[in-house]
Amino acid sequence: MTYDRHVLLIYTGGTIGMSRNPATGALEPLNFEHLLRNVPELEQLPVSISTYQFNPPIDSSDMSPDLWTNLVHIITDNYNNYDGFVILHGTDTMAYTASALSYMLENLTKPVILTGSQLPIGQFRTDGKENLITSIEMAAAKHHDGRAMVPEVGIYFNGHLLRGNRTTKQSAEEFNAFESFNYLHLAEAGVNITYHEGRILQPNYNKPMTPHFKMDNNVIVFTLFPGIREDLVRHIIATPNLKSIVMRTYGSGNAPQKPWLIHALKEASRGGKVVVNISQCMAGSVEMSRYDTGYQLKSAGVISGFDSTVESAVTKLMYLQSCFDDPEEVHNYMSRSIRGEITI
């Protein structure tokens, strides 16, 4: 059979490709070929599917910036040979990888869709088959003019295609494992696949996709809570080589009205550290002028992360720090939407 659409399927690991060890009861990685044998329906797709396997497969808990760089190399080296890419990935860090790839693949003109499953592909009630099949369909989908239907990094799970850098894992138990609380779905898969074209990023087709291979992980996340201690916060801020902090605050960006906290954050900002304020809430946005506590943070040099997810804020900082030595440049770009990651 001659195919006019070609997809590269990249297997990194994850539950979708595992089986249960009868002796221990633990899930263990399977050979990738075994995974594909469990989905004979792939032969019915009018798509040529090539495969690339991480060897050995990794648990997504072990995902790292170096492995993100490997993925960018794989996609870049094969970019001109395929219409789209599907990455099979464990669910625990999938949103981090999707966010990272959205920044590392600048001006992406083809789909890069991450998917996986909550149950192994060989189990009777697996969600893996539908997730895999539909992800490949979406990665191969084109407009009549030949342009990709979804030229961005997405996560497909349980009938929904979500923007990668807007997505968070919401459940360890439900098949509906992911949600983009602050951005509407890119597509819905029911009897038909419905693409919401007005929500999908549109690249500049007159320019090439530009890959970035470096991520600077001198960033830390800390969450405010009642009773947080001054000495521990100051210890975090004084960490050697630390360049940026993602601070998870209350509600719309509020923090305790403690003079020591404001002073510590001022010292961090004056020392060249970028402090980004994101909400602990799953939905909603930081509004630092709404309450006096938020205004005080702003006066201390803390910048708004708007409606960013923690996964997106962390990986965006890693990306920007690899591009710019000047924290003012990082500060500037953190206040912009560069891949559709925040609503300004």
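Within the stretch 1-53, can you find the residues that are within 17 Å of Gly90 (Cβ to Cβ), of a type in the set (A, V, I, L, M, F, W, C) and at pLDDT 90 or above?
Listed by number, the residues that qualify are Leu9, Ile10.
Mind checking whether some residue in the stretch 209-225 is among the basic types (Lys, Arg), open to solvent by 30 Å² or more (accessible area, probe 1.4 Å), under 30 Å from Asn107 (Cα atoms) and touching a residue at least 24 places away in the same chain (Cβ under 8 Å)? Let's see the steps before the verdict.
First, the residues of the stretch 209-225 that are among the basic types (Lys, Arg): 214.
Narrowing further to those that are open to solvent by 30 Å² or more (accessible area, probe 1.4 Å): 214.
Filter again for under 30 Å from Asn107 (Cα atoms), leaving 214.
Going one step further and asking which of them are touching a residue at least 24 places away in the same chain (Cβ under 8 Å), we end up with 214.
Yes, because at least one residue in the stretch 209-225 is among the basic types (Lys, Arg), open to solvent by 30 Å² or more (accessible area, probe 1.4 Å), under 30 Å from Asn107 (Cα atoms) and touching a residue at least 24 places away in the same chain (Cβ under 8 Å).
Considering Gln170, Gln123, which residue is touching an Asp or Glu at 6+ places or on another chain (Cβ under 6 Å), open to solvent by 30 Å² or more (accessible area, probe 1.4 Å) and not hydroxyl-bearing (Ser, Thr, Tyr)?
Numbers: Gln123 fails: touching an Asp or Glu at 6+ places or on another chain (Cβ under 6 Å).
On inspection, the qualifying residue turns out to be Gln170.
Which residues, counting only those in the stretch 307-344, are open to solvent by 50 Å² or more (accessible area, probe 1.4 Å), assigned to a loop (DSSP other than H, G, I, E, B), at pLDDT 95 or above and within 21 Å of Gly164 (Cα to Cα)?
Once the filter is applied, which keeps residues that are open to solvent by 50 Å² or more (accessible area, probe 1.4 Å), assigned to a loop (DSSP other than H, G, I, E, B), at pLDDT 95 or above and within 21 Å of Gly164 (Cα to Cα), the stretch 307-344 yields Arg336, Ser337, Thr343.
How many residues are under 16 Å from the mean Cα position of the chain (by Cα) and in a loop (DSSP other than H, G, I, E, B) when one looks only at the stretch 172-199? Steps first, answer last, please.
From the stretch 172-199, those under 16 Å from the mean Cα position of the chain (by Cα) are 177-186; that's our starting set.
Subset that is in a loop (DSSP other than H, G, I, E, B): 177, 180-186.
Matching residues across the stretch 172-199 total 8.
Filter the stretch 51-73 down to the residues that are outside any helix (DSSP H, G or I) and aromatic (Phe, Trp, Tyr), then identify the one that is farthest from Glu137 (Cα to Cα).
Looking at the filtered set, the residue picked out is Phe54.
Condition check ((1) of a type in the set (Ser, Thr, Tyr); (2) closer than 17 Å to Ser312 by Cβ; (3) in contact with a helix residue (DSSP H, G or I) (Cβ under 6 Å, 6 or more places away or on another chain); (4) in a helix (DSSP H, G or I)) across all residues:
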| site | (1), (2), (3), (4) |
| --- | --- |
| Ile75 | no, no, no, yes |
| Val86 | no, no, yes, no |
| Asp92 | no, yes, yes, no |
| Tyr96 | yes, yes, yes, yes |
| Ser99 | yes, yes, yes, yes |
| Ser102 | yes, yes, yes, yes |
| Gln118 | no, no, no, no |
| Ile121 | no, no, yes, no |
| Lys129 | no, no, no, yes |
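Tell me which of these Pro256 doesn't satisfy, since it passes every other one: (1) modelled with pLDDT of 95 or more; (2) outside any helix (DSSP H, G or I).
Unmet for Pro256, out of (1) modelled with pLDDT of 95 or more; (2) outside any helix (DSSP H, G or I): (1).
Hey, among the residues in the stretch 96-125 that are of a type in the set (Val, Ile, Thr) and at pLDDT 95 or above, which one's farthest from the chain's Cα centre (by Cα)? Full working, then the answer.
The initial filter retains those residues of the stretch 96-125 that are of a type in the set (Val, Ile, Thr), namely 97, 109, 112-113, 115, 121.
Narrowing further to those that are at pLDDT 95 or above: 97, 109, 112-113, 115.
On the way: Thr97: 5, Thr109: 17, Val112: 11, Ile113: 11, Thr115: 11 Å.
Selected residue: Thr109.
The values are calculated or read from the model by the stated rules, or taken from the named source; none is laboratory data. No experiment lies behind these values; they were computed from the predicted model shown. Positions of Cβ are generated from backbone atoms using ideal geometry, with glycine treated the same way; all protein chains shown enter the neighbour counts. Heads up: the accessible areas ignore ligands, DNA and RNA and are worked out on the full protein's heavy atoms, side chains in. Shrake-Rupley method; radii C 1.70, N 1.55, O 1.52, S 1.80 Å.
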